[in-house]
Amino acid sequence: MRARLERQSVLHRRAAGTDIRVQLIAANIDTLFIVTSMNADFNIARIERYLALAHDAGCTPVLVLTKADLAGETAEKYRRDAQSIDPALTVLALDAASPEAVTQIEQWVKPGQTAALVGSSGVGKTTLTNQLTGADAATGAVREIDAKGRHITTSRTLRPMRHGGWIIDTPGMRALRLEEASEGIDTLFADIIEAQSRCRFSDCQHDTEPGCAVKAGLESGELDPERLERWRKLLAEDNRNTETVTRARKRKGR
């Protein structure tokens, strides 16, 4: 080994359950493909969590909607709902098993760059990886009743793509608990942060305070009340998890 280079980006989350450790997902990622299916797996709040994770790490997020071949007439609604999260977000709708999927994905990973696939089990991450790399990793069936898949991928695997980039297939995540991701949350909810900066009071809670620009935005229709509520919940969760992990680190360092 001649040199040890610093990480350019780190994706991490608080471990599941009562575990207070921080779990690393991947590092040195240029593009993060957030994969979800056009079925019961589609969840805007969950997608926003992944987007906040990507923004906080400095990755370029690309939302991949799979099972487009099965969505039928509802495919366009899924696409619109996904785009409503962020008009600037790149949204790809595809059939993970089709050759066209490779063309759509490859343009976001240049030779020498690294991308990662994240999302629930059964959404097509491993199928996409197989298509992009020529590998033949096992894929699992999906239950029709709730669109949930079994955990087939149990470890992170870095594979070379056919055109020169690298791709990481990650295990399906049942829960993504953010920790120390406030910058990513601010980037994702930039519209709310901008309105908040115009509130009369710097500690405005956007409730009953006079001169609240966030409330004014809700009344004018500029801000979406459901989006505001998701922002509140995500920010509160990130603060709780960050405080919990920080306290645990201090106790461990005694």
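The values are calculated or read from the model by the stated rules, or taken from the named source; none is laboratory data. The model shown is predicted, which means the values in this text are computed figures rather than measured ones. Every residue, glycine among them, receives a Cβ derived from its backbone with ideal geometry; neighbour counts consider all protein chains shown.
Within the stretch 241-254, not a single residue is among the small types (Gly, Ala, Ser) and touching a Gly at 6+ places or on another chain (Cβ under 9 Å). Here the condition is being modelled with pLDDT under 95 and within 22 Å of Ala181 (Cα to Cα); of Pro87, Pro111, Pro61, Pro99, it holds for Pro87 alone. Within the stretch 14-34, the residues that satisfy the criterion of being part of a strand (DSSP E or B), in contact with a helix residue (DSSP H, G or I) (Cβ under 8 Å, 6 or more places away or on another chain) and closer than 19 Å to Lys252 by Cα are Arg14, Val22.
Within the stretch 166-209, the residues that satisfy the criterion of being under 18 Å from Asp56 (Cβ atoms), among the acidic types (Asp, Glu) and at pLDDT 90 or above are Glu183, Asp186, Asp191.
Among the residues of the stretch 207-254, just one is in a loop (DSSP other than H, G, I, E, B), within 26 Å of the chain's Cα centre (by Cα) and of a type outside the set (Asp, Glu), namely Leu223.
What number of residues in the stretch 40-63 are in contact (Cβ under 8 Å) with a residue 60 or more places away in the chain, over 20 Å from Arg232 (Cα atoms) and within 12 Å of the chain's Cα centre (by Cα)?
Going through the stretch 40-63 one residue at a time, the tally reaches 1.
Of the numbered conditions (1) surrounded by 16 or more Cβ atoms within 10 Å (Cβ to Cβ); (2) in contact (Cβ under 8 Å) with a residue 12 or more places away in the chain; (3) of a type in the set (D, E, K, R), Glu222 satisfies every one except a single condition; which is it? So Glu222 meets the others, but not (1). Looking across the stretch 56-74, the residues that are closer than 20 Å to Leu128 by Cα and out of contact with any strand residue (DSSP E or B) (no Cβ under 6 Å at 6 or more places or on another chain) come down to Asp69, Leu70, Ala71.
Ala27 - would you say it is at pLDDT below 95 and out of contact with any Asp or Glu (no Cβ under 8 Å at 6 or more places or on another chain)?
On the way: at pLDDT below 95: yes; out of contact with any Asp or Glu (no Cβ under 8 Å at 6 or more places or on another chain): yes.
Here the answer is yes, as Ala27 does meet what is asked.
Checking each residue in the stretch 159-204 for being aliphatic (A, V, I, L, M) and either within 13 Å of the chain's Cα centre (by Cα) or closer than 30 Å to Thr103 by Cα (or both) picks out Met161, Ile167, Ile168, Met173, Ala175, Leu176, Leu178, Ala181, Ile185, Leu188.
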